[in-house]
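Data block below; observations after.
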């Protein structure tokens, strides 16, 4: 009996060929041989591509666990990340293989801030008018 048999569920490693999605399917390049169209729901992320400017999270336990930051640089398998935490900002280096890409929220799902209501706004008092007398010497 071989390693695989009928009915086995397998994963084939491929690369997303483009970001275009049509009717729930996306184009996947499998090796250098062929392309396939697969349902997005059937695709499992094996290793995301991390680029400068991406938002990433370090999922492991311990220091900085769950923190999200922006990738500033990628050097020798490590990404240099700028964190913005409740304690201030900081910079850390994480192995690229250990981080998860955090996609920005969908703009359609973010509610815009409510417009300010004139009744609730504090209107500053008008400044006192300046009077000039022709006999006053000029300040310059």
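The values are calculated or read from the model by the stated rules, or taken from the named source; none is laboratory data. Remember, predicted model here, so these are calculated numbers, not experimental data. Glycine also receives a Cβ, built like all others from the backbone with ideal geometry; neighbour counts cover every protein chain displayed.
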Original post:
If residue 97 passes every condition in (1) at pLDDT below 85; (2) in a helix (DSSP H, G or I) but one, which one does it miss?
Top reply: (1)
Original post:
Before we move on, is residue 32 in a loop (DSSP other than H, G, I, E, B) and over 19 Å from the mean Cα position of the chain (by Cα)?
Top reply: yes
**OP:** Kindly provide the set of residues from segment 52-89 that are surrounded by fewer than 10 Cβ atoms within 10 Å (Cβ to Cβ), within 14 Å of residue 101 (Cα to Cα) and modelled with pLDDT under 90, ordered by number.
**Re:** 66
Subject >> Test set (1) over 28 Å from residue 12 (Cβ atoms); (2) crowded, with 16+ Cβ neighbours inside 10 Å; (3) more than 21 Å from the chain's Cα centre (by Cα) - residue 27 fails condition number >> reply: (1)
Original post:
Restricting attention to segment 16-38, does a residue exist that is out of contact with any strand residue (DSSP E or B) (no Cβ under 7 Å at 6 or more places or on another chain) and modelled with pLDDT of 85 or more?
Top reply: no
**OP:** Find the residue count for segment 6-21, including only residues that are on the phi < 0 side of the Ramachandran plot and free of Cβ contacts under 8 Å to residues at least 12 places away in the same chain.
**Re:** 7
